[in-house]
Structure formats: C-alpha cells, structure tokens
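> One structure is given below, represented as structure tokens, and several questions about it will come after.
The values are calculated or read from the model by the stated rules, or taken from the named source; none is laboratory data. Please read these numbers as outputs of a predicted model, since none were measured by experiment. FYI the Cβ positions are ideal-geometry reconstructions off the backbone, even for glycines, and counts take in every protein chain you see. Areas reflect the complete protein model, heavy atoms only, side chains present, ligands, DNA and RNA absent. Shrake-Rupley method; radii C 1.70, N 1.55, O 1.52, S 1.80 Å.
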Amino acid sequence: MSVDARRAIDDAAYVLRAADVPNAKREVTLLLAHVLGEDTGFLYREPERLLTAQQKEKFDNLVERRSAREPLSHLTGHREFWSLDFLVTADVLDPRADSETLIEAALLRCKDVLQPRRILDLGTGSGCLLLSLLSELPEASGVGIDKSEAAIAIARENAHRLEMDERAEFALGNWGRERDEKFDLVISNPPYIPNGDIAGLQPEVRDYEPHLALVGGSDGLDCYREILFDIRSLLRPGGLLIFEVGVGQAPEVGRMMQSAGISRIEYHRDLASIERCVSGLLAR
Ligand SMILES: C[S@@+](CC[C@H](N)C(=O)[O-])C[C@H]1O[C@@H](n2cnc3c(N)ncnc32)[C@H](O)[C@@H]1O
C-alpha cells in the first residue's frame, strides 16, 4: 500500500521517539527530504505526495539506523556549519553548532592582528573551522593538520566542493610538529573529553564518532599541553591563538596559555552561555 509523506513522517517520528531520539519529527523530516532530494518545506507544500516503494524502503532503512542512534549526519552525509555545506562521514567529528563560537571569536579578535594572512588549524577533521574562516577572509590562506588520513581526505574534498582548494592545504601530522612556518592565527578544537567520561556520552557520539577526535587524556587537557609546548614555533610574535574547550575547562586552559607566553586572554561564550573558546596573543 502506498504511503504519503505526512503519514510516513508521523510513523517514523513514533519509531524515533520510542528510541529516545531527541527532536524526532524534525529528524525524520530531514531524512525524508534527503531521500526525496527535496528541502524540508516539501512537507508543507505536498504533504500528500505518495512515496514510491523504493523511496519508502530507503526511508525505512534510514529510520531504523537512526533509531539505533547512528548520527543524522552519517545518514545524510552532510552537515551545515557556518551556513556552508560540509561532507561528513564516520571518519570525522560531526561539526557542532557550538564550534561556530570559534569562528565568531576569530573574526572579533582578527582586528587585533590586522588581517591574518596565514591560518593554521590543528586537528582539522572535516576542515569546517579553517574553511569557514577562509570563507570570511578572502585574502587569507591556511593549513589544516590531522593525525587521521581519512579525515584529511574528507577535508580536501570539502575544500574542493567549497571552491577553496587553492587557499586551503591539508596535511597529515602530529599537531604542528613538522611545520617550519609561523602563522598569524592558530586555531584548534582538540579532543577534550576526559577518558573517564567517554562511557557516559550519548550513543551517537560514543558509538559512532572517532575516538581519536574525542579522548583528551585523564583530565581532558593533554592535547592543549601538547599544542602549547610547540606554540612559539607555530605562531608569529603578536599572533592570535584560539582554542575551543569543554565545559568548565576555560579557566585552566587560560592559565595554561598564560604560562606558555600567551597574553590578553579572552573568554568567548556559546549560545548556551558556556565559556566555549579561549583566545590570546603571543607576546612579542
Ligand atoms: C574534536 S575534533 C575537531 C575536528 C574539527 N576541527 C571540528 O571542529 O569539527 C579533533 C581532531 O583532532 C584530531 N587529532 C587528534 N590527535 C591529533 C594529533 N596528535 N595531531 C593532529 N590531529 C589530531 C582528530 O583526528 C580530530 O579530527
């Protein structure tokens, strides 16, 4: 029996609610829009559109995977970040809306460093931070580093799709260890979840996202220590450093930055008013 879009959405939302998936109706609407190759407005325009057997089978399969808590972005292969469309797979962190705070902080503080020309993104993942910043700073170019070869491949593909491959280079590396260039701006959203907190994460994160993108050592701060150890060889004097941090980590990361020679520290809050980023300038 044929099913129309509205009925398919109502039935699927029931399945997701039973699996404790938040925002069930919105998620199934996005999944059906993906299957039909439409925007989500189609539900209002054509709620009675009948699904073909093939569309219904594909939709049911995605709903089943989502009810097993596979992230929405892995099912659609996309995530919007800073109003840009990024390819996302299980090899990269699903870009978080909270991380847009880093872009805002960078644009705000760029006034201090007079138009950054060269940007270094440590732990680039999908490339979302570097590419979003480059979209706002047409004169700039940058390098994104990751320890995951698969992530580098996705970041390169995103740069190509967003037509920024001439300004964005992506390379495999252990933070900035092998770089012999000093940048105007260094950004990083490193893994910051304490080892002991991983088991308590929501299933979408714990079971499907790469642990290399999550685990930050016993107190969650190991990667900040590693990056700050090398910061003088990566940032030009007067250059700007911005870290994203986990909930409650901002004061300690700010102290660590000061000990590494970073001054004029500022804290930046996300939409939930959580201190999400810490920025500062390398003393001249
Ligand atoms: C929290 S994710 C951030 C990804 C992306 N920048 C974002 O904001 O969505 C951290 C990234 O750091 C990478 N990473 C972990 N250890 C690393 C290391 N030693 N050197 C370079 N990258 C590393 C992970 O592979 C992962 O892509």
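> Per the 1.4 Å probe, what fraction of the accessible area of the chain, in percent, lies on carbon and sulfur atoms?
Working: 6570 of 13620 Å².
Summing carbon and sulfur atoms, their accessible area is 48 percent of the total for the chain.
> Taking K and R as +1 and D and E as -1, what net charge do the other residues with C-beta under 15 Å from the C-beta of Asp270 add up to? If you can, show how the numbers build up before the last one.
Details: positive: Arg96, Arg269, Arg276; negative: Asp98, Glu100, Glu104, Glu244, Glu266, Glu275.
Value of the local net charge: -3.
> Another question, then. Sorted by accessible area with a 1.4 angstrom probe, largest first, how do Lys147, Lys56, Lys25 fall?
On the way: Lys147 135, Lys56 60, Lys25 95 Å².
The most accessible residue leads, giving Lys147, Lys25, Lys56.
> For the pair Glu166 and Ala199, how long in nm is the line joining their label points, each one 7 Å along Cα→Cβ?
Rounded to a tenth, the inter-label distance reads 5.3 nm.
> Please quote Rg/Rh for the chain to two decimal places, taking the Kirkwood radius as Rh and restricting both calculations to Cα atoms.
1.03
> Related question: Please sort 238-248, 34-44, 183-193 by packing, taking for each peptide the average over its residues of neighbouring beta carbons within 10 angstrom, highest first. Don't skip to the answer; put the middle values down first.
Working: 238-248: 21.0, 34-44: 14.3, 183-193: 22.7.
Those peptides, ordered most packed to least, come out 183-193, 238-248, 34-44.
> Sticking with this structure for a sec: Got a sec? Charge dipole of the chain, +1 on Cβ for Lys and Arg, -1 for Asp and Glu; which of Gly280, Ala250, Tyr224 is way out at the positive end?
It is Gly280, whose Cα lies furthest towards the positive end.
> Additional query: Mind jotting down the three principal axis lengths of region 46-134 based on Cα atoms? Whole angstrom, largest first.
That gives 57, 30, 18 Å along the principal axes, largest extent first.
> Mind checking the dipole of region 15-132: about its Cα centre, +1 per Lys or Arg Cβ, -1 per Asp or Glu Cβ, Debye to the nearest 20? Show your work: numbers first, answer last.
On the way: 16 positive and 19 negative charges, 29 e Å.
Computed charge dipole of region 15-132: roughly 140 debye.
> For the chain, what does -39500 (n - 2.57) per DSSP helix run (n ≥ 4), summed and divided by total residues, give at 222 nm, in deg cm²/dmol to the nearest 500? Present the calculation step by step, with values, prior to reporting the outcome.
Details: 12 runs with 109 residues, N = 284.
Rounded to the nearest 500, it is -11000 deg cm²/dmol.
> Then there is this: Quick one: pull the percentage of alpha-carbon pairs in region 115-250 with a separation above 24 Å. Walk me through the numbers on the way to the answer.
On the way: 2704 of 9180 pairs.
For region 115-250, the share of Cα pairs beyond 24 Å comes to 29 percent.
> Magnitude of the Cβ-charge dipole of the chain, K/R +1 and D/E -1, about the Cα centre, nearest 20 debye? Intermediate values should be presented prior to the final figure.
Working: 34 positive and 48 negative charges, 114 e Å.
For the chain, the charge dipole is close to 540 debye.
> Calculate the tail of P(r) for region 5-68: the fraction of all Cα-Cα distances greater than 17 Å, expressed in %. Each step should come with its number before you reach the end.
Numbers: 604 of 2016 pairs.
Value for region 5-68: 30 percent of Cα pairs lie more than 17 Å apart.
> Turning to a different aspect of this structure: How big is D for region 206-265, in µm² s⁻¹ as a whole number, if Stokes-Einstein is applied with the Kirkwood radius of its Cα pairs at 25 °C and 0.890 mPa s? The partial results should precede the final answer.
Values: Rh = 12.8 Å.
Taking Rh from Cα pairs, D becomes 192 µm²/s.
> Among DSSP beta bridges whose residues both lie in the chain, state the antiparallel percentage, nearest 5. Could the numbers behind the result be given before it?
Working: 16 of 36 bridges.
Counting DSSP beta bridges with both partners in the chain, the antiparallel share is about 45 percent.
> A further question follows. Taking Rh as the Kirkwood radius computed over C-alpha pairs, what is the Stokes-Einstein D of region 1-159 at 10 °C in a medium of viscosity 1.306 mPa s, expressed in µm² per second?
On the way: Rh = 17.6 Å.
Approximately 90 µm²/s, per Stokes-Einstein.
> Any idea how far the Cα center of region 185-224 sits from the one of region 51-129, in Å?
Taking the Cα centre of region 51-129 as reference, the centre of region 185-224 is 17 Å away.
> Rolling a 1.4 Å sphere over the protein heavy atoms, what is the accessible area per residue of the chain, to the nearest Å²? Mind dumping the intermediate values first?
Details: 13620 Å² over 284 residues.
Roughly 48 Å² per residue, with all protein chains present.
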